[in-house]
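Take a look at the structure set out below.
Taken together, the values in this text are just the output of simple stated rules run on the coordinates, not laboratory data. Here the structure is a predicted model, which is why all the values come from computation and not from measurement. Backbone-built Cβ (ideal geometry, glycine too); neighbour counts: all protein chains shown.
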Amino acid sequence: MTSEHLDAETASTDRVTVRRMLALATSAFLVLAAEPLYLLVDTAVVGHLGARALGALAVGTTLMALLAIVGNFVEYGTTARAARWFGNDRRDLAIGEGVQASYLAVGIGLAVVLLGQVLAGPFVHLLTGSSTELRTPAEHWFRIALCGMPMVLLVLAGNGWMRGVQLTRPPVAIVLLANGLSAAASPLLVYGFGLGLVGSAWANLGAQVVAAGLFLRALRREATQDGAGGLRPDLGVVRAQLVLGRDLIVRAAAFQIAFMVAAGVAARMGTSQIAAHQIGMQLWEFTALLLDSFAIAAQSLVGAALGASNARAARKLAGQVARWSAGAGTVFAALYAAGWWVIPRLFTSSPSVWHQAHLLWPWFVVMLPAAGIVFGLDGVLIGAGDVAFMRTITIIAALGGFVPLTIAAEHWDWGIGGVWAGLTAFIVVRLVGMVWRARTDRWVVLGSS
């Protein structure tokens, strides 16, 4: 074959890869945007009940995020393992990963519900401290929302296997439908039926039930056709998923412990501070998930490339996703910088909360370009199965940067800006580690496992 033919073939392959990445990233963008958009709507609805309700929502959502860390491997681990099999032309085994992940989702979800209901009071007290005005409404919201944990994990598992086999449309349709219904129900239940804060928890629970049912229906259809192996449990696959999940859970735990410390410190600073922190965190999580759209595309494509033993394609994808994610982070930073005065007013009418939001805003804006690179490379390394390194660098960043600065902010009265300086340090430490790792070949492991 001549060099011209080789060049033409390489260019054609690159075009196909870019199209697949854009298709997967667009699908992931829409799926990821649906949940935080609902949470932003919910935050705005609850925010107009007052700072007390908004602060209670912040405590409740922080606890839900802490308990949901077990779902991290159900989603991302399933994507990585399914993508490897898909790249190795074993779609049946890729679908089988989704079946076993769903069994894990139900079992783990029920265990989390039982544990969370028993410990709901101590958990809430841990975050609210002596703030009795937040404790009762936060616990009521948390107990209702917690009942949806099995459905939350089923949705994560569904997104995981669909991304692994590069199905782009079904997850978008399912998630948009469920969250659209919930966004419509939240103001109706909160205001129309007079349920107040707990109305938002019931709306959230309803969305999770709808989405989980639709994902299970899609999985059953795929698993019972084309020799995919059916719906039988496979303890060997479950064990393999748990091995991969161990490091992802530890990594996610480091995230959530750091965020819980930040929420606890903000709550102790005052009601206005925790309310502003809730606004900032919802915007941060919304933006982080949107930046993750390229990372999720990378999980699927890098996993498939390595499953097909194509190291060159995997390395090229790593560079592409880092550049694109950095550009997206810069765009978001510019948008938020321009909206520093207007955006907080969309969520609350309290001048004291506006003031606190303005104190955290510069840190929020300045970290976003670096965060884009970090999230993009997260996707590359998860797709490669290099989760042990990701666990380690996350622990270092959380315990060596985020948590110490957050505690110092409370001790030396740095205010809410000090808490967000800790979050910025968390991103910077991970940036250094992830860029270094991506420049090595240690993550390039070829084959189906």
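Structural remarks
- Candidate membrane-span-like segments in the chain, meaning DSSP H helices with Cα atoms spread over at least 20 Å of their own axis and a Kyte-Doolittle mean of 0.0 or above, are 3-47, 51-67, 91-128, 149-164, 169-187, 197-223, 235-269, 271-307, 311-338, 351-384, 416-438, with no membrane implied.
- D by Stokes-Einstein for the chain, Kirkwood Rh over Cα pairs, 20 °C, 1.002 mPa s: 97 µm²/s.
- Scoring 375-386, 252-263 by mean Cβ neighbours within 10 Å over their residues and listing the highest first yields 375-386, 252-263.
- Here the chain is treated with +1 on each Lys and Arg Cβ and -1 on each Asp and Glu Cβ, and its dipole about the Cα centre works out to around 400 debye.
- Computed over the range 36-98, the P(r) curve from all C-alpha pair distances, binned at 10 Å from the origin, holds 20, 28, 20, 19, 12, 2 percent per bin.
- The order of 341, 161, 361, going from fewest to most other C-beta atoms within 10 Å of their C-beta, is 341, 361, 161.
- Taking trypsin sites (Lys or Arg not before Pro) as exposed when their DSSP state is a loop state and no more than 14 other Cβ atoms lie within 10 Å, the longest site-free interval of the chain runs over 1-438.
- The distance separating the Cα centre of the range 146-172 from that of the range 20-70 comes to 16 Å.
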